[in-house]
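Chemist: Structure provided below as structure tokens; questions to follow.
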Amino acid sequence: MKNLLTDIAGVRVGHADNAALASGVTAVVFDAPVVAAIDVRGGGPGTREGALLDAANTVEKIDAIALAGGSAFGLEAGGGVQAWLAEHGRGFAVRGAIIPIVPGAIMFDLLNGGDKAWGRFPPYRDLAYTAAAAAATNFALGSVGAGLGATTANFKGGIGSASAETPGGVRVAALAVVNAVGTVTVGDGPWFWAAPFEIGGEYGGRGLPPSFTPGMLTARLKGGAAATAVENTTLAVVVTDAALNKPQAKRLAVIAQTGFARAIYPVHAPLDGDVLFAAATGEKPIDPLAGLTELGMIAANAVARAIARGVYTAAALPFPGALPSWKQRFG
């Protein structure tokens, strides 16, 4: 296992970004349609096709997920991924029509120093097409794709990923775009809130501080008192090779999003747009009660790890006043 979302067979990830724009897109492309659900807990979300994922609605499976910067402008990313899928004959069949199903979500990176004067139409649809075309089983972490312009309250954010396996051999993996209003580290030190779940020094192996001070538990918010609901969001995708129906995928999404609370402080605020997608490729049967509970527990741990890795692997933006990266401070 590579400790990536693509440790689940049939999943590919592609990035496309623009350095001057300081923004980009990440496409998660499935080789075959997958059952999926969504869990939204942030107060300022921006999503595409979220209602379709409700367990009561008709379409059972999706073809890809589009994650983008750009705030509401970035919702056009779904159209770029959809275009690539349509060219390859992928989609939901309605008699003679084929419609690619591409849910998505966005985060706010419009004030990170990049040049957002893109003219009449934003670039996210074209970036998303490029990301989908580039999707592969190996992909970069850190300041790439949808994570290029991501930030947290004190350090540069980015793309992180992690994977795990249940004792019974069911795999689950997570990808996160970390652009939180809060912090992923304890205070301004090198310790990650997700330290108890770290595997093999994947985000520096610093553990937790020897003790917690009141200052460490003080809320650090991006923008301070001026923070607004559209400036922040953490996006995550969890994929498993278990066989789940839509209600079970929804329960996996609910349990897995507890990983946000293990890795970000504070979290799920009015200032965030936190969204998690859960998808299942359907290869391995699982007990619907104890098995799903265990899978959700491990998925939540993977989400926390992916969030920490998103900050650990990020590189600072090359603009005056840009936030430092974790590695700039702590090596």
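The values are calculated or read from the model by the stated rules, or taken from the named source; none is laboratory data. Everything numeric here is computed off the predicted structure, so don't read it as measured data. Ideal geometry is used to build each Cβ from the backbone, glycine not excepted, and the neighbour counts take in all protein chains shown. Ligands, DNA and RNA are stripped out before the accessible areas are found, and what is left, the full protein with its side chains, is counted by its heavy atoms. Shrake-Rupley method; radii C 1.70, N 1.55, O 1.52, S 1.80 Å.
Chemist: Determine the gain in length on full extension of the stretch N57-A117; use 0.36 nm per residue of separation and subtract their C-alpha separation, reporting nm with one decimal. All intermediate terms of the calculation are to be shown ahead of the outcome.
Modeler: Working: separation 60, 0.36 × 60 = 21.60 nm, distance 3.86 nm.
Additional length available on full extension: 17.7 nm.
Chemist: Where only protein heavy atoms count, and the probe is 1.4 Å, what is the accessible area per residue for the chain in Å²? Kindly include the intermediate steps, with their values, before the conclusion.
Modeler: Working: 12270 Å² over 331 residues.
Here the residues of the chain average 37 Å² of exposed surface.
Chemist: Only bridges with both residues in the chain count here: give the DSSP antiparallel percent, nearest 5. Walk me through the intermediate numbers first.
Modeler: Details: 46 of 56 bridges.
Percentage antiparallel, nearest 5: 80.
Chemist: Still on this model: Relative contact order, percent, of the chain when contacts are C-alpha pairs under 8 Å separated by at least 6 residues? Present the calculation step by step, with values, prior to reporting the outcome.
Modeler: On the way: 953 pairs, mean separation 81.9, N = 331.
Across the chain, relative contact order equals 25 percent.
Chemist: Continuing with this model, one more query. Note down the nm distance, to one decimal, between modelled labels 7 Å out along Cα→Cβ at A9 and at D287.
Modeler: 2.4
Chemist: Show me 59-70, 287-298 ranked by packing, highest mean number of other Cβ atoms within 10 Å first. Working shown, then result.
Modeler: Working: 59-70: 26.3, 287-298: 17.1.
Ranked from most to least packed, the peptides come out as 59-70, 287-298.
Chemist: Using only the Cα atoms, what convex hull volume per residue in Å³ does the chain have? Numbers along the way, then the final one.
Modeler: Numbers: hull volume 41.6 nm³, N = 331.
Spelled out: Cα convex hull of the chain, divided by residues, is 126 Å³.
Chemist: Springs between alpha-carbon pairs under 10 angstrom, Gaussian network model over the chain: which of V94, V144, V254 fluctuates most?
Modeler: V94
Chemist: With θ set to phi - 60°, apply the Karplus curve 6.51 cos²θ - 1.76 cosθ + 1.60 along region 66-72 and write out the HN-Hα couplings as whole Hz, x wherever there is a Gly or Pro.
Modeler: So the J values, rounded to whole Hz, are 10, 10, 8, x, x, 6, 4.
Chemist: For A150, what is the net charge nearby, where nearby means another residue's Cβ is under 9 Å from its Cβ and Lys, Arg count +1, Asp, Glu -1? All intermediate terms of the calculation are to be shown ahead of the outcome.
Modeler: Details: positive: K156; negative: D109.
My count for the surroundings of A150 gives 0.
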